[in-house]
Amino acid sequence: MSVAGITETVQYLTFKLDEEVFALDVAKVREILELTSITKVPQTPGFMRGVINLRGSVVPVIDLRLKFGMSATVNTINTCIIVAEVQMDDDTIVLGTLADSVQEVVEMEPEAIEAAPHIGTRLNTDFIRGMGKSDNHFVMILDIDKVFSETELMSVQQGGTA
């Protein structure tokens, strides 16, 4: 969905990766967990930190900082796991994403959201739904369904079921 497709006020969960503030549609967020023991899984993509046991289910945990070309997440007292639902074709995948800290839930009006910047033709910004303004700074609104390619999601899903 493009920014043109945002026609109503939506609630977003804001969180930090390094010094940048990102947001996810709260409809995609299942829960927020304190950092727990993550079991490493061999032969998975570098951005996959491993899996956690979530009430008997195996949930892959992704380090979004690594996926976005930043340094790896450093575990602190504020580090948490945002459990989200990602659509892949007709399937819903549950995965956890590491965040340096969760900020708050904010409502954003469609007119407060601008289109993602086009930074040349080689950089893919399809996973950014738009740039929202909150408290005089920009918030990158992620389209979690487009952050990972189908191949990446399949390898993450297979790592989570191994």
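Computed from the coordinates by the stated procedures, all read-outs in this text should not be read as laboratory data. Fair warning: this is a prediction, and the values are worked out from it, not measured in the lab. Quick reminder, even Gly has a Cβ in these numbers, built from the backbone with ideal geometry, and neighbours come from all protein chains shown.
I'd like the trypsin sites (Lys or Arg not before Pro) in the stretch 32-92 restricted to DSSP loop residues with at most 11 other Cβ atoms within 10 Å, sorted by number.
Here the sparse-neighbourhood loop sites are LYS40, ARG55.
Could you please report the charge total around GLU107, scoring K, R as +1 and D, E as -1 over all other residues with beta-carbon less than 12 angstrom from its beta-carbon?
Around GLU107, the surrounding residues sum to -4.
Could you name the lysines whose alpha carbon sits less than 28 Å from that of LYS133, not counting residues in the same chain fewer than 8 places away?
Partners found: LYS16, LYS28, LYS67, LYS146.
Beta carbons within 10 angstrom, averaged per residue: use that to sort the peptides 29-36, 86-93, highest first.
29-36, 86-93
Starting from the Cα-Cα distance between ILE77 and VAL58, subtract it from 0.36 nm times their residue separation and give me the gain in nm to one decimal.
Separation in residues times 0.36 nm, less the Cα-Cα distance, equals 4.5 nm.
May I ask which residue of ALA115, PHE47, MET140 lies farthest towards the positive end of the charge dipole of the stretch 3-161, with charges of +1 (Lys, Arg) and -1 (Asp, Glu) on Cβ and the Cα centre as origin?
PHE47
Translational D (Stokes-Einstein, µm²/s) of the chain at 10 °C and 1.306 mPa s when Rh comes from the Kirkwood sum over C-alpha pairs?
In µm²/s, the coefficient is 98.
Taking 7 Å along the Cα-to-C-beta vector as the label spot, tell me the MET70-ALA27 distance in nanometres, rounded to one decimal.
Simple spin-label model gives 2.6 nm for this pair.
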